[in-house]
Each structure stands twice: as C-alpha cells, then as structure tokens.
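Below is one structure, written out as structure tokens; the observations come after it.
The values are calculated or read from the model by the stated rules, or taken from the named source; none is laboratory data. Predicted, not measured: the structure shown is a model, and the values here were computed from it. Using ideal geometry, Cβ is built from the backbone for each residue, glycine included, and neighbour counts are taken over all protein chains shown. We work out accessible area using only protein heavy atoms, side chains counted, and drop any ligands, DNA or RNA first. Shrake-Rupley method; radii C 1.70, N 1.55, O 1.52, S 1.80 Å.
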Amino acid sequence: MEVVAGDRALRRSAEREAATMSGYGMLVVVLLAIGLVVWGFTQFRDGADNVLAAISVAVGGLVAVFVSVGFYLLQPNQAAAILLFGAYRGTDRTTGLRWTWPWMIKKKISVRIHNITSERLKVNDLRGNPIEIASNVVWRVADTAQALFDTDDYKEFVHIQIESAVRTIGARYPYDDFTHQETTLRGSPDIISDELQVELQDRVAAAGVHIDECRLTHLAYAQEIAQAMLRRQQAEAVVSARATLVAGAVGMVEMALTQLSEKNVVELDDERRAAMVSNLMVVLCSERDTQPVVNAGSLYQ
C-alpha cells in the first residue's frame, strides 16, 4: 500500500507471520554434526581411512556452523522481523529457541507495554490562559512491520506525538468553569482522558502502535497567573456562596412572615414588616454572630 504526498510515496508495511521453525529440532542436528566431527577425529587417531575421517570432520563442521548461525531466542512478548536482503519476510512471535535460514536477518522488537510520563508543557487553554499540563501514556507495539519500517525511530515518534496530542487537547478546552456548563480540563478528567487517547491513537496508528491508556498527571495554571487565577477563583466562590445564602435567607424570611400572619401571632403594617425583614436578613446573612437586643418597651418604642 502506498501513501502519496506530492511527488513522494510511502509504502506502508503490514505485519504477517514469518516462515520459521522451532530451534530444538535443529539443535539435535547440530549435536549430530558435532558427534560426526568427534567421530572423524577419533578415526584419525585410530589410523583408519583418513579420507573418510576428513570428510566426516569437514561435513560435520560445516553443518554445525551453518545450522548454528540460524538460531535466535525470543522471550515472552518479544518478536523478530525476518529480512531477506532488505525485503520483509514476516514476523516471528513464538517464544523460545527458534531457527531460520542463516542468510535471513533477524531484527528483534519488544511488544511489551511501555509507560511514558510526558514533561510538563505550557499551553494556552481555550480562553487563552497559560496552563501547565502533563500526561501518562501506556502504549505497546501492535504491528511490528509498521513500527520498524514505516518510521525511522518509533519510540521517538511516539514521544513527539504524545507532546503534540497533549498540546492539542489542552488548547481545546478551558481549564475551569464555575458555572459547570462546559467540559473543562479540571472538571471532566475522564472525558479529557478518553479524548486524549483517541487523539493520540489517530496520530500513532501509522507507526503500528496501540494506546492502552492516557491519564493527565499534572494540571495547573502557569506560575505567572497562578496567584491572579486563585484570587479569581476565590472571588467567584464567594459570590456563588453569597447567592446561595441570600436565596436561602429570602425563603426563610418569607416562611416566617407567612406563618406569623396565618397564626395571627402579630399584625405588622408595611413599615414594621419592612423593618422585620431587614433585621431577619441581617441576622441570616451576617458573617458574625448577632447580638440580641431586648426591647423593654412597647412594640413601637
């Protein structure tokens, strides 16, 4: 498959199974060849036919060397790409002692899980506020052919794409929203992590890499505006708290006046009603403890 960009073309690779075999059977062949060499040397010492002994040593030695060059080991979650004169012939993922033809080149690659924590990046969020953001990414190689042959260095490629994806997501959303009407970096970590994973997966798919998980590990305002934003957050929190307090106080005053009127506890004209409302609002909304005042006179004195 070719991907054309201008007058250049990139031939995309795809992993396929290599035609290799278990190395244990070939290990028996090597042992037999070594045994043939040893038998040939013993024939030299015994004064037997030197021609047959020489042939045995030569054939056994050549077979032992030829077969030994084709051995390679694969650990769990490790693969080997097999090349023939630069042409890709498949990937072997079977663990243990393996064997292929000696003229085949074996390029090993790890398909284990990798864990990367990106550096703290300074990004402007959706509202233009500079923030610091970092993420942790869990990834692994899914297609060994793409990782080895479609990128110059797949690990460096992943590192760069992580930084690019984090910057993109950081600039796509605001840091915070006290009205809770928007998706924010701080208030919606699961949504942000899922979107970061999708964004990063799209970027690294060309390298045959699969993203297992993405999580933000650091999120804060940049130092130059941290104090100002902290004061802003405190002010917005105070305003929100005051609004809730006033709404509750109004409801309590309304309930008190309604019950006083229904039970005929006291009759208040508009002026006294206004004074009572004012006093109750002061008592309910004040940040300090109120001091009760006992009126020893009449209601109007």
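Hey, what does the equivalent ellipsoid look like for segment 26-83, semi-axes from the Cα gyration tensor as sqrt of 5 times each eigenvalue, largest first, whole Å? If you can, show how the numbers build up before the last one.
Numbers: eigenvalues 226, 21, 6 Å².
Output for segment 26-83: semi-axes of 34, 10, 5 Å.
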request  = Using a 1.4 Å probe and ignoring any ligands, DNA or RNA, find the accessible area of Leu27 and quote it in Å² to the nearest 10.
outcome  = 70 Å²
remark   = Given backbone amide H placed at 1.01 Å from N, residues whose amide H is under 5 Å from that of Ala222, ignoring those fewer than 5 places away on the same chain, are Ile131, Glu132
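Mind ranking 116-126, 159-169 by how tightly packed they are, going by the mean number of other C-beta atoms within 10 angstrom, highest first?
Numbers: 116-126: 15.5, 159-169: 18.7.
Per-residue Cβ counts within 10 Å, averaged per peptide and sorted highest first, yield 159-169, 116-126.
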Cα centroid separation, segment 12-27 to segment 113-165 (Å) = 32 Å
message = Rounded to the nearest 10 Å², what accessible area does Met255 have for a 1.4 Å probe in the complete protein model?
response = 110 Å²
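Arrange the residues Asp143, Asp202, Asp153 by how much accessible surface each exposes, largest first, with a 1.4 angstrom probe. Present the calculation step by step, with values, prior to reporting the outcome.
Details: Asp143 30, Asp202 115, Asp153 75 Å².
Accessible-area ranking of Asp143, Asp202, Asp153, largest first: Asp202, Asp153, Asp143.
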request  = Mind grabbing the accessible area of Ser68 for me, 1.4 Å probe, Å², rounded to tens?
outcome  = 50 Å²
query = If you plug each phi of segment 201-210 into the Karplus form 6.51 cos²θ - 1.76 cosθ + 1.60 with θ = phi - 60°, what whole-Hz ³J(HN,Hα) values come out, in order, with x for Gly and Pro?
reply = 4, 5, 7, 9, 4, 5, 9, x, 10, 10
note = Whole-Hz Karplus couplings 3J(HN,Hα) for segment 122-131, θ = phi - 60° and coefficients 6.51, -1.76, 1.60, Gly and Pro as x, run 9, 10, 8, 6, 4, 8, x, 7, x, 10
request  = Any chance you could list the semi-axes, whole Å, largest first, of the equivalent ellipsoid that the Cα gyration tensor gives for segment 86-177, using √(5λ)?
outcome  = 40, 13, 9
query = Three principal axis extents, largest first, for the C-alpha atoms of segment 160-215, in Å?
reply = 42, 18, 13
